[in-house]
Amino acid sequence: MTNLNAFLAPGMLVEHPQQPDWGQGQVQSNIGNKITVNFRNAGKVVIDGSRVALLLSEES
């Protein structure tokens, strides 16, 4: 599996593989390994991109 975190840009839609209940999230920023995502059901979360590989989400 390729880690796409480095290519995530603001506005892209993602999902957290270990937290499906958070729902779809929109990338707010991606600086170094810190990715800030605003999730539909969890609010704003800062993800350590070196530990979690976010998944691209389909538009919905």
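FYI, it's all coordinate maths here, none of it is from the lab. Bear in mind the structure is a predicted one, so any value in this text is a computation, not a measurement. Note that we place each Cβ from the backbone using ideal geometry, even for glycine, and neighbour counts take in every protein chain shown.
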Item to check | Relative contact order (percent, whole number), the chain, Cα cutoff 8 Å, 6+ residue spacing | outcome: 34
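For Val52 and Ser29 in the same chain, what is the full-extension length gain: residue separation times 0.36 nm, less their Cα-Cα distance, in nm?
Numbers: separation 23, 0.36 × 23 = 8.28 nm, distance 1.55 nm.
Stretched fully, the Val52-Ser29 segment lengthens by 6.7 nm.
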Checklist outcome for this item: Quotient of Cα radius of gyration and Kirkwood radius for the chain, i.e. Rg/Rh, equals 0.90
Checklist outcome for this item: With DSSP loop assignment and no more than 11 other C-beta atoms within 10 Å, the GluC sites (Glu not before Pro) in the chain are Glu58, Glu59
Item to check | the chain: trypsin sites (Lys or Arg not before Pro) falling in loop per DSSP and having at most 14 other Cβ within 10 Å | outcome: Arg40, Arg51
